[in-house]
Amino acid sequence: SYRAVRAAEDWMSSQLWSDSLKEYIEARGLDIETCQKLGIYVVPNYVRFYSYLKEMFSNVFLREVGFAKEGMFSPSSIVFVIRDHNGTPVGFVSRDIEHEEKKAQWEEGGRRGAPPRKYDASPERNRIFFKRNILFGINACIREGAKEIFVFEGQFDYALAKKSGLQNSVALSGSVLTTEHIGILKKHGINSLTLVFDGDSAGEKALEDLLLG
């Protein structure tokens, strides 16, 4: 699984961004150079991506660890490489910028099949990616000896914070801060957290759940 994730990242790191994806990140205050430094990539052609991996791994293995999820690696998706606290790449989270259009088409078409996903992630059955103990960007904070960190709800917020100079930042893969997360932070001497969640109702509820639960 480690080898497969590294191989996938190597392939993605050399790919060109489409105009639509470039415009999307620029509208969010980012740029391609910043994204690539932070391990944020694209997959312009899924068939070529999968064929590259198939040269090294079997179809059975690639399906088992999540690389057969074509929607996750679609040309309209932005892919975030997730690293563990040691900096080793262990999986991916993707964001489909065409989700709303695809959802509307799915609804108009009678809701046949599984609904399109706005976000998708590597499965935990790859045995190295577990949301409950991984924070996006934590390896950089540990490497730099941070004692306090800002915890963002999403990867895009994290990336914008990093570009703006807020280096001691991490992001959740969702909105759940677990006891495993806290344990890793304490282990590495990080003893102060500032939670920076979205200002919408979902973000407010997530913050309330964290503080009260």
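The values are calculated or read from the model by the stated rules, or taken from the named source; none is laboratory data. Note that this is a predicted model, so its numbers are computed, not measured. For neighbour counting, all protein chains shown are included, and Cβ atoms are generated from backbone atoms with ideal geometry for every residue, glycine included. Ligands, DNA and RNA are excluded from the accessible area calculation, which covers all protein heavy atoms including side chains. Shrake-Rupley method; radii C 1.70, N 1.55, O 1.52, S 1.80 Å.
Tell me what the chain gives for mean residue ellipticity at 222 nm when only DSSP H runs of n ≥ 4 count, each as -39,500 (n - 2.57), the sum divided by the residue total, rounded to 500 deg cm²/dmol. Don't skip to the answer; put the middle values down first.
Working: 10 runs with 87 residues, N = 213.
Rounded to the nearest 500, it is -11500 deg cm²/dmol.
Whole-percent P(r), region 44-106, all Cα pairs, 10 Å bins from 0: 20, 44, 30, 6, 0. Each peptide in 148-157, 12-21 was scored by the mean count of other Cβ atoms within 10 Å over its residues; highest first, the order is 148-157, 12-21. Here the chain is assigned +1 on the Cβ of each Lys and Arg and -1 on the Cβ of each Asp and Glu. Its dipole about the Cα centre then comes out at about 840 debye. Positive-end ranking of Ala104, Tyr119, Val81 along the dipole of the chain, with charges on Cβ about the Cα centre, is headed by Val81.
Given axes a ≥ b ≥ c from the Cα gyration tensor, I'd like to know whether region 144-190 is rounded (a/c under 1.5), prolate (a/b larger than b/c) or oblate. In terms of gyration-tensor shape, oblate.
Summary of the geometry: region 20-56 and region 153-169, compared by the centres of their Cα atoms, lie 18 Å apart. Bridging of Lys118 to lysines at a Cα separation below 29 Å is possible for Lys22, Lys37, Lys54, Lys69, Lys102, Lys103, Lys131, Lys162, Lys163, Lys205, once same-chain residues fewer than 8 apart are set aside. The length gained on full extension between Arg111 and Thr179, counted as 0.36 nm times the residue separation minus their Cα-Cα distance, comes to 20.7 nm. By DSSP, the beta bridges lying fully in the chain are antiparallel in about 65 percent of cases.
As a ratio to 2.2 N^0.38 Å, the alpha-carbon radius of gyration for region 11-81 is 1.17.
How much of the accessible area of the chain, in percent, comes from carbon and sulfur atoms when a 1.4 Å probe is used?
Answer for the chain is 49 percent, counting heavy atoms of protein chains only.
Per residue, the chain exposes an accessible area of 52 Å² to a 1.4 Å probe, with every protein chain left in place. Ligands, DNA and RNA aside, Arg111 has an accessible area near 130 Å² when probed at 1.4 Å.
Taking the charge dipole of region 1-153 about its Cα centre, with +1 at Lys and Arg Cβ atoms and -1 at Asp and Glu Cβ atoms, the residue from Val5, Met72, Ile32 reaching farthest to the positive side is Val5.
Taking square-rooted eigenvalues a ≥ b ≥ c of the alpha carbon gyration tensor, is region 68-142 rounded, prolate or oblate, where a/c under 1.5 means rounded and, failing that, a/b exceeding b/c means prolate? The shape class here is prolate. Kindly express, to the nearest 10 degrees and within the range 0 to 90, the angle between helix 2-12's C-alpha long axis and the longest C-alpha principal axis of the chain. Helix 2-12 sits at roughly 70 degrees to that axis.
Short-range pairs are left out: with C-alpha atoms under 8 Å and at least six residues apart, the relative contact order of the chain is 17 percent.
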